[in-house]
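S.K.: Take a look at this one; I'll ask things after.
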Amino acid sequence: MTDQSHIRGRGVQSVEVSVRLLAALAQNAGPMSLSDLGQALSMAPAKVHRYLASFVDTGMVRQRKTGLYDLGPLAAEIGIAAIARIDPVNRAADLLGGLVEQTGLSATLAVWGTHGPTVVRWEKSATPLVTTLGLGSVLPVTRSATGRVFLAHLPDRLLRDLVRSETGAADLREFDALRRDVRAAGVAIADQEFIPGLFAISCAVKDVQGGAAAVVTLVGTNRDILDPAHPARTALRAFCDR
């Protein structure tokens, strides 16, 4: 009986193996070699390769020019769709267009993904922005307004490795002042630190326990939006407090 047809208990074994393979790619910090995947799954590389070939054909996995394997565009699309269906993320996504109309600024909705703050919704205003940001973009924790909100609200265990990789800082206490300021103000700002020419203000969408379920960010080309008295900040706070 082949891998594709073997049924164990009430599940299909080949599907379970496929999920384990995709999970290994998702949980790794970067692309993986065939041998590394074989070790992670305790499976012969030749067998892993058969699964990978099908995944590459469907877009769930992509093979880089280096020969290493990584999650593909279909995997990203499925992940983003799944996250966007989670309340209060779903509610914020549905209303994001109204915030863009109210403020005249472009807006993003980001959640905390495997590799950090990840954009799951991108609503553009009538004013064009020159940026490579898009769905699935992963933002820096310490240099983006979105990342700074997560930095202020998430536990250290989720942040430590990413902050170290970005800044070399071995201790999150170096960012205590920034975290306190963001919590006190209710928003974080980025004054061109992440993308030259773009200014951003971000605010947390809270879950039922008061944690940051997602972050909404307004982005524009005018530095005035960073002013604490700017109406965009008021609109953003009201949006996230709904």
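S.K.: For the stretch 7-71, what D do you get in µm² per second when you plug the Kirkwood radius from alpha-carbon pairs into Stokes-Einstein at 20 °C and 1.002 mPa s?
M.R.: On the way: Rh = 11.9 Å.
Result for D is 179 µm²/s.
S.K.: Taking 0.36 nm per intervening residue step and subtracting the Cα-Cα distance, what contour gain separates Ser35 from Asp207 on full extension?
M.R.: On the way: separation 172, 0.36 × 172 = 61.92 nm, distance 4.04 nm.
Taking Ser35 through Asp207 to full extension adds about 57.9 nm, to one decimal.
S.K.: What does the charge add up to near Ala188, with Lys and Arg as +1, Asp and Glu as -1, over the other residues with Cβ less than 14 Å from its Cβ? Don't skip to the end; give the middle numbers.
M.R.: Values: positive: Arg143, Arg148, Arg179, Arg180, Arg183, Arg233, Arg237; negative: Asp181, Asp191, Glu193.
Within the 14 Å Cβ shell, the charges total +4.
S.K.: Separate question: Grab the other residues whose beta carbon is less than 14 angstrom from that of Gly104, score K and R as +1, D and E as -1, and report the net. Before the final figure, lay out the partial values.
M.R.: Numbers: positive: Lys124, Arg233; negative: Glu101, Glu123, Asp224.
Combined, the nearby Lys, Arg, Asp and Glu give -1.
S.K.: Something else now. Cα gyration tensor of the stretch 173-213, axes a ≥ b ≥ c as square roots of the eigenvalues: rounded (a/c below 1.5), prolate (a/b > b/c) or oblate? Provide the component values of the computation, followed by the final result.
M.R.: Details: a/c = 2.66, a/b = 1.46, b/c = 1.83.
In terms of gyration-tensor shape, oblate.
S.K.: With no solvent and one point on each alpha carbon, what is the Debye value of log10 I(q)/I(0) for the stretch 124-189 at q = 0.18, 0.26 Å⁻¹?
M.R.: The computed values of log10 I(q)/I(0) come out as -0.71, -1.15.
S.K.: Another one. Each label point is 7 Å from the Cα along the Cα-to-Cβ direction; what then is the distance between the points at Leu158 and Ala170, in nm?
M.R.: A separation of 2.6 nm, rounded to one decimal place.
S.K.: Would you mind ranking Arg121, Arg50 by Cβ crowding within 10 Å, fewest neighbours first? Could you put the intermediate results ahead of the total?
M.R.: Numbers: Arg121 21, Arg50 13.
Neighbour counts put them in this order, fewest first: Arg50, Arg121.
S.K.: With a Förster radius of 22 Å, plug the Cβ-Cβ distance of Thr114 and Lys47 into 1/(1 + (r/R0)^6) and report the FRET value to the nearest 0.05. Present the calculation step by step, with values, prior to reporting the outcome.
M.R.: Working: r = 25 Å, r/R0 = 1.15.
According to the calculation, E is roughly 0.30.
S.K.: Here's something else I'd like to know. Under a straight-distance cross-link criterion of Cα-Cα below 27 Å, which lysines are reachable from Lys47, leaving out those fewer than 8 residues away in the same chain?
M.R.: Lys65
S.K.: So what's the chain giving for Cα Rg divided by 2.2 N^0.38 Å, two decimals? Don't skip to the answer; put the middle values down first.
M.R.: Working: Rg = 20.5 Å, N = 242, 2.2 N^0.38 = 17.7 Å.
This ratio for the chain stands at 1.15.
S.K.: Counting alpha carbon pairs within less than 8 Å and at least 6 residues apart, what relative contact order, in whole percent, applies to the stretch 7-71?
M.R.: On the way: 52 pairs, mean separation 20.6, N = 65.
Relative contact order for the stretch 7-71 comes out at 32 percent.
S.K.: When the dipole is taken about the Cα centre of the stretch 86-240, and only Lys, Arg (+1) and Asp, Glu (-1) are charged at their Cβ, what size is it in debye, to the nearest 20? Please list the in-between numbers first.
M.R.: On the way: 16 positive and 16 negative charges, 33 e Å.
In debye, rounded to 20, the stretch 86-240 gives about 160.
S.K.: A further question on this structure: If each DSSP helix of 4+ residues adds -39,500 (n - 2.57) and the sum is divided by the residues in the chain, what number results at 222 nm, nearest 500 deg cm²/dmol?
M.R.: So the calculated ellipticity at 222 nm is -13500 deg cm²/dmol.
S.K.: Between Asp224 and Ala185, how many nm apart are label points set 7 Å from Cα along the C-beta direction?
M.R.: 1.9 nm
S.K.: Please give the FRET efficiency for Ser54 paired with Asp87, using the beta carbon to beta carbon distance and R0 = 35 Å, rounded to the nearest 0.05. Kindly include the intermediate steps, with their values, before the conclusion.
M.R.: Numbers: r = 34 Å, r/R0 = 0.97.
Efficiency, from the Cβ-Cβ distance: 0.55.
S.K.: To continue, here is another question. Can you give the angle from 0 to 90° between the axis of helix 231-240 and the longest principal axis of the chain, with both taken from C-alpha atoms, to the nearest 10?
M.R.: Helix 231-240 and the main axis of the chain meet at about 40 degrees.
Just so you know, all these numbers are worked out from the coordinates, no wet-lab data involved. The shown structure was predicted, so the numbers you read here are calculated from the model rather than taken from an experiment. Here the Cβ is made from the backbone with ideal geometry for all residues, glycine too, and neighbour counts use every protein chain on show.
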